[in-house]
Amino acid sequence: MPRFTPEELEAARDRLVPDVAASGLRVLFCGINPGLMSAATGHHFARPGNRFWPTLHAAGFTPRRLRPDEEQELLRYGVGITNVVQRATARADELTPEEFAKGGRQLEEKVRRLQPAWLAVAGVTAYRAAFGDKLAKIGPQERTIGGARIWVLPNPSGLNAHWNPTTLAEEYGRLRAAAFAEE
C-alpha cells in the first residue's frame, strides 16, 4: 500500500472511485462513499484499518483475502462494489442529507440497470439516509429494487467497534448463505 502525505490525501477529496460492477451479480456491495485513501489509490475500502476485505474472505465470498488493488477479481466471484455517494470525503459526516437522497435515487437506477440478486448496503445509517427508512435494521429488508433484494450490513470501518471481526464475518456470512443458496 503506497503512503500518502496529508496533502496528497486532501488532494483526493471529491474524486470518484469507479464501480466494480457488471450485470447479473449475486451481490452488489454498496459503501457509504469513498474515503480519501480510496480516492488516492483509486480502489474501494483502501484504508488499512478497514475490515471489508478480511470480512469478505472470512464470510466465504472470496477464497483468500484480496487487497484493494485486486478488487476486479470480485467479479469472478459474482460480487461487485459501488457507493451511495460517489464523491470522496475524509469522513461520512461531511455528506449532506441531499447527497444521500440523490445517491439513493442514483443507486436505485444502477441496481435496476445491473440487476444484481442482492444489494448489500454496508452501513445502516447510510441506508436509512439514502432510502428514507428510519426504522431499518441490520439484515434483510422488506423493500426490493427491481428484482434485487436488499440486505443492510454493518459498516466494516474500524470506527464501528461494536462489530468485531467475528460478528462482522457472521453477518456477512448470513448474506452469503442467502445469496448463493439461490444459485
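Under 5 Å between amide hydrogens, built in the peptide plane, is the criterion, and for A21 it picks out I81 among residues at least 5 positions away or on other chains.
The residue list V121, G147, N160 was ranked by how far each Cα lies along the charge dipole of the range 104-172 toward its positive end, using unit charges on Cβ atoms, and G147 comes out on top.
With viscosity set to 1.002 mPa s at 20 °C, what whole-number translational diffusion coefficient in µm²/s follows for the range 41-116 from Stokes-Einstein and a Kirkwood radius over Cα pairs? After rounding, the answer is 153 µm²/s.
Sum up the charges of everything whose Cβ sits under 11 Å from the Cβ of A120, counting Lys and Arg as +1 and Asp and Glu as -1, but leave A120 out. Numbers along the way, then the final one.
Details: positive: R26, R149, R174, R176; negative: E171.
Taking every Cβ under 11 Å from that of A120, the sum is +3.
Scaled against the 2.2 N^0.38 Å expected of a compact globular protein of N residues, the Cα radius of gyration of the chain reads 0.95. Under a no-solvent Debye model with one identical scatterer per Cα of the range 79-138, what's log10 I(q)/I(0) at q = 0.14, 0.17, 0.26 Å⁻¹? The computed values of log10 I(q)/I(0) come out as -0.38, -0.56, -1.24. Only the Cβ atoms of Lys and Arg (+1) and of Asp and Glu (-1) were treated as charged; on that basis the dipole of the chain about its Cα centre amounts to roughly 300 debye.
Relative protection proxy for 162-173, 122-133, from highest mean packing down: 122-133, 162-173 (other beta-carbon atoms within 10 angstrom). Near P2, once Lys and Arg are set to +1 and Asp and Glu to -1 for all other residues with Cβ below 11 Å from its Cβ, the sum equals -1.
For the chain, give me the percentage of DSSP beta bridges that are antiparallel, rounded to the nearest 5 percent.
Once the DSSP bridges in the chain are tallied, antiparallel ones form about 30 percent.
Every read-out reported here was derived from the displayed coordinates using simple, explicitly stated rules and does not represent laboratory data. Please read these numbers as outputs of a predicted model, since none were measured by experiment. Every residue, glycine among them, receives a Cβ derived from its backbone with ideal geometry; neighbour counts consider all protein chains shown.
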